[in-house]
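Working notes for the structure below.
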Amino acid sequence: PHHANEYHHPSTTMNVLTASFRRGFVGGVGYLPKPQITRKIKLFAATRALILLVSCPAAVPFYCPQIFVGHKKQEYSSGIKHANAAADENIPASQPFNEKNSEGSYNEWIEKSQSKRAEAHNERLGLDADATRLTLTAEPPAFESDTIFKKTVEDYATQLTTAASPDVDRITSMTSEAGMFMPCMVGQLEGQFLKMFAQMAKAKTVLDIGTFTGYSALCFAEGMPSDGSVVTIENDEEIATVAKKCFDASVHASKIDLRVGNAPAILEDIASSGRKFDIVFIDADKDNYATYYKLAMDGGLLADDGCILADNSLCALVYEEGDIRRQRLHEFNMMVANDDRVEQTVLTVREGITVIRKKL
């Protein structure tokens, strides 16, 4: 297969020769180290190399060593070449030549193998003037599925995502043992996203609206420094009891402040104290998202350079038609999109995460 640091240009004679050598003499191995082509190599040297390749391959290392110099070290001793012409260790030596793995620049590969996919991206890029696009209205558009997941994609992405810590895994098992509704947890893929988001934002304060059994709160805590603080709010006392046990058993217990009760009332109390947060994560009752957003933006809870993360924003599509929460989520999405004070992006991670921040 091609390697990222290989250099091929159709106008360079030496590259053509390298390709000929690779196909004619390596015998299906399909690998030759990157040529170190310099400006001093002239057509004369290239012509000589061609003659040698055809008539006496064994002489090439002595008369045209440039062809063989690369990132796999070649050894020469007493005029005899000692080199391992090993195949790429990920591909069997017996693999037949595949045209898709042949020489060519990255641009040539794009034109040959990827152009057929271009049409599917035209609408995304705003290039398809004839495409029928959604007209957003006061009601959410019809959607045929009850999920935006694609099973293989979700499984593939999750397996390639850093595994949850033992503390976070404990939350999963304790939630299951308590017989609580497992899908209310953000899960490994989104949990790792939240942890890394906190790390990249260098957040020291997080407001987690909607604790459930603590998965998101603990992921945030893991992504924060030792003096970081997560205030997390849960309305259900039974669920909060499970969350408290999970927090107390973790090494990050000191970072987490669990509040139990009516979220809007608790948020108003926090706002009145003047406390601000680097991240406000909204993942509570869906019909109150607009309320939480206004408390963050207008109530002063969000720091000037902070971000709001609204979870499940694409449930405005997947919830059943006629469900009031579907309508409320759509109204929330439209409110954010029309708020001139902010800029936002809607990520198709899990059931949608809208990232919102004040315009600079």
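The values are calculated or read from the model by the stated rules, or taken from the named source; none is laboratory data. As the structure is a prediction and not an experimental result, all values here were calculated from the model. Every residue, glycine as well, gets a Cβ built from its backbone with ideal geometry; the counts of neighbours run over all protein chains shown. Protein only, heavy atoms only, side chains kept; ligands, DNA and RNA dropped before computing areas. Shrake-Rupley method; radii C 1.70, N 1.55, O 1.52, S 1.80 Å.
Can you confirm whether the stretch 189-199 contains a residue that is among the charged types (D, E, K, R) and under 20 Å from the mean Cα position of the chain (by Cα)?
yes
Quick check on my filter: what residues within the stretch 254-283 are over 17 Å from LEU295 (Cα atoms), open to solvent by less than 30 Å² (accessible area, probe 1.4 Å) and of a type in the set (A, V, I, L, M, F, W, C)?
The one that is over 17 Å from LEU295 (Cα atoms), open to solvent by less than 30 Å² (accessible area, probe 1.4 Å) and of a type in the set (A, V, I, L, M, F, W, C): ILE256.
List every residue pair whose Cβ atoms lie under 7 Å apart, where the two residues are 6 or more positions apart in sequence or sit on different chains, the first residue falls within the stretch 279-297 and is of a type in the set (Asp, Glu), and the second residue, located anywhere, is open to solvent by less than 30 Å² (accessible area, probe 1.4 Å) and in a strand (DSSP E or B).
Close Cβ pairs satisfying both conditions: ASP283/ILE209; ASP283/ASP311.
Look through the stretch 325-353, keep the residues that are outside any strand (DSSP E or B) and among the aliphatic types (A, V, I, L, M), and return whichever of them is nearest to the chain's Cα centre (by Cα).
VAL349
Could you tell me which of the residues ALA198, ALA203 is in contact (Cβ under 8 Å) with a residue 12 or more places away in the chain, among the small types (Gly, Ala, Ser) and not in a helix (DSSP H, G or I)?
Being in contact (Cβ under 8 Å) with a residue 12 or more places away in the chain, among the small types (Gly, Ala, Ser) and not in a helix (DSSP H, G or I) holds for just one of ALA198, ALA203, which is ALA203.
Given the condition under 30 Å from SER145 (Cα atoms), surrounded by fewer than 18 Cβ atoms within 10 Å (Cβ to Cβ) and not hydroxyl-bearing (Ser, Thr, Tyr), answer yes or no: does some residue in the stretch 291-308 qualify?
So far as the stretch 291-308 goes, no, none of its residues is under 30 Å from SER145 (Cα atoms), surrounded by fewer than 18 Cβ atoms within 10 Å (Cβ to Cβ) and not hydroxyl-bearing (Ser, Thr, Tyr).
Of all residues in the stretch 145-162 being farther than 14 Å from ARG326 by Cα and part of a loop (DSSP other than H, G, I, E, B), which is least open to solvent (accessible area, probe 1.4 Å)?
Taking the candidates together, the pick is THR161.
Kindly list, by first and then second residue, each pair from a residue in the stretch 140-161 that is over 19 Å from GLY187 (Cβ atoms) and in contact (Cβ under 8 Å) with a residue 40 or more places away in the chain to a residue that is in a loop (DSSP other than H, G, I, E, B) and not aromatic (Phe, Trp, Tyr), limited to pairs with Cβ atoms under 9 Å and residues at least 6 apart or on different chains.
Short answer, once both residue conditions are applied: PRO140/GLU321; PRO141/LEU134; PRO141/THR135; ALA142/GLU321; PHE143/GLU321.
Out of the stretch 309-351, which residues are open to solvent by 50 Å² or more (accessible area, probe 1.4 Å), closer than 22 Å to VAL206 by Cα and hydroxyl-bearing (Ser, Thr, Tyr)?
THR345
Can you confirm whether GLY187 is modelled with pLDDT under 95, out of contact with any helix residue (DSSP H, G or I) (no Cβ under 6 Å at 6 or more places or on another chain) and not hydrophobic (A, V, I, L, M, F, W, C)? Break it down into steps so the answer makes sense when it comes.
On the way: modelled with pLDDT under 95: yes; out of contact with any helix residue (DSSP H, G or I) (no Cβ under 6 Å at 6 or more places or on another chain): yes; not hydrophobic (A, V, I, L, M, F, W, C): yes.
Answer is yes for this residue.
For THR172, only one of the following conditions fails: (1) within 19 Å of MET224 (Cβ to Cβ); (2) assigned to a helix (DSSP H, G or I). What is its number?
(1)
Taking the stretch 132-144 only, how many residues are of a type outside the set (Val, Ile, Thr) and either in contact with a Cys (Cβ under 6 Å, 6 or more places away or on another chain) or open to solvent by 100 Å² or more (accessible area, probe 1.4 Å) (or both)? Before you say what the answer is, go through the steps one by one.
In the first step, residues of the stretch 132-144 are kept if they are of a type outside the set (Val, Ile, Thr); the result is 133-134, 136, 138-144.
Checking the rest, the ones that are also either in contact with a Cys (Cβ under 6 Å, 6 or more places away or on another chain) or open to solvent by 100 Å² or more (accessible area, probe 1.4 Å) (or both) come to 133-134, 136, 139, 144.
Selection size over the stretch 132-144: 5.
Is it true that MET180 is more than 22 Å from the chain's Cα centre (by Cα), under 20 Å from ARG259 (Cβ atoms) and not hydroxyl-bearing (Ser, Thr, Tyr)?
Taking the combined requirement at face value, the residue satisfies it.
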